[in-house]
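Okay, so here's the structure we're looking at.
Quick note: the coordinates plus some simple rules give every number you see, no bench work behind them. Everything numeric here is computed off the predicted structure, so don't read it as measured data. Note that we place each Cβ from the backbone using ideal geometry, even for glycine, and neighbour counts take in every protein chain shown.
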Amino acid sequence: CALDMIYRKENNLSELQIKDVNIIDVTVQKSFEGYIEVENGMIKAVTPKGEKLPESKEVLDVKGLTASPGFIDMHSHFDWALPLDDPETFLYPLAEQGVTTVIGGNCGFSPAPIADGNIELVGKVAEFFVDRPLDFRWRSFDEFLDHLESGNGMLFNLVQIVGHGTLRLSVMGENRRYPDPTVLKQMLRMVEESYDAGAGGLSSG
């Protein structure tokens, strides 16, 4: 809500007021000092210093510190860590650096979609990114997303793309030939189903 600032009524009591913070708004040229009001864990208002503010249950004075929009990790392989039982081990350092959105499925490799035939080969790919085996309780892209949402929630916004490498590997194994029409149709169907489930694109490596 950075540029479109929300001014609360005087009689509204905010839950938390972050005071005297340097605010970076990417839609304007200069940062400015102001206040951020938080309610139920979400930013409710951003107000430049000097404006009259409502009272707050808690005031946090952070003068000298900076608040900015979250960073986007454009080239991440943390999508392989997300299905683990303890993804926080891998992901907390990113959150502590201000990353709020991760793009997964880069370099032609993604955990989904996969076919049944060569899951062990896809598991070998996973060894490059995580320190333990994945159980692959999913096959389709939609099932992968459902698996992620079945845990304790996500630390990030995730834009997941389909990796052509794992798609081909799971369908064709390590065969170097061109896919025949039947195999190609299967792969195209898996990509189309992934797009329908919310995939953000296709990565070829």
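Table for the structure above
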| read-out | value |
| --- | --- |
| Relative contact order (%) - segment 14-67, alpha-carbon pairs under 8 angstrom, separation at least six | 48 percent |
| Where labels lie 7 Å past Cα in the beta-carbon direction, separation of residue 202 and residue 137 in nm | 3.1 nm |
| Extension gain (nm, one decimal) between residue 29 and residue 154, 0.36 nm per residue minus Cα-Cα | 41.8 nm |
| Under 27 Å from the Cα of residue 44 - lysines, other chains or at least 8 residues apart | 9, 19, 30, 52, 57, 63 |
| Hull-based mean projected area of segment 1-155, where the convex hull spans the alpha carbons, in square nanometres | 11.7 nm² |
| Sequence ranges 62-71, 41-50, ranked by mean other-Cβ count within 10 angstrom, highest first | 41-50, 62-71 |
| Stretchable slack from residue 52 to residue 174, in nm (0.36 nm times residue separation minus alpha-carbon distance) | 37.3 nm |
| Residue range of the chain that is longest and free of GluC sites (Glu not before Pro) which are both DSSP loop and sparsely packed (at most 11 other C-beta within 10 Å) | 56-173 |
| Segment 89-200 - percent relative contact order, Cα under 8 Å, separation 6 or more | 39 percent |
| Shape box of segment 86-205 [Cα atoms, principal axes, largest first, Å] | 47, 29, 25 |
| Charge-dipole axis of segment 14-67 as Lys and Arg at +1 and Asp and Glu at -1 on Cβ define it, positive-most pick from 47, 29, 59 | 29 |
| Alpha-carbon centroids, segment 139-153 and segment 13-35: separation in whole Å | 35 Å |
| Average Cα contact separation per residue, the chain, under 8 Å, 6 or more apart, as relative contact order % | 19 percent |
| Chain lengthening between residue 86 and residue 62 when straightened (0.36 nm per residue, less Cα-Cα) | 5.5 nm |
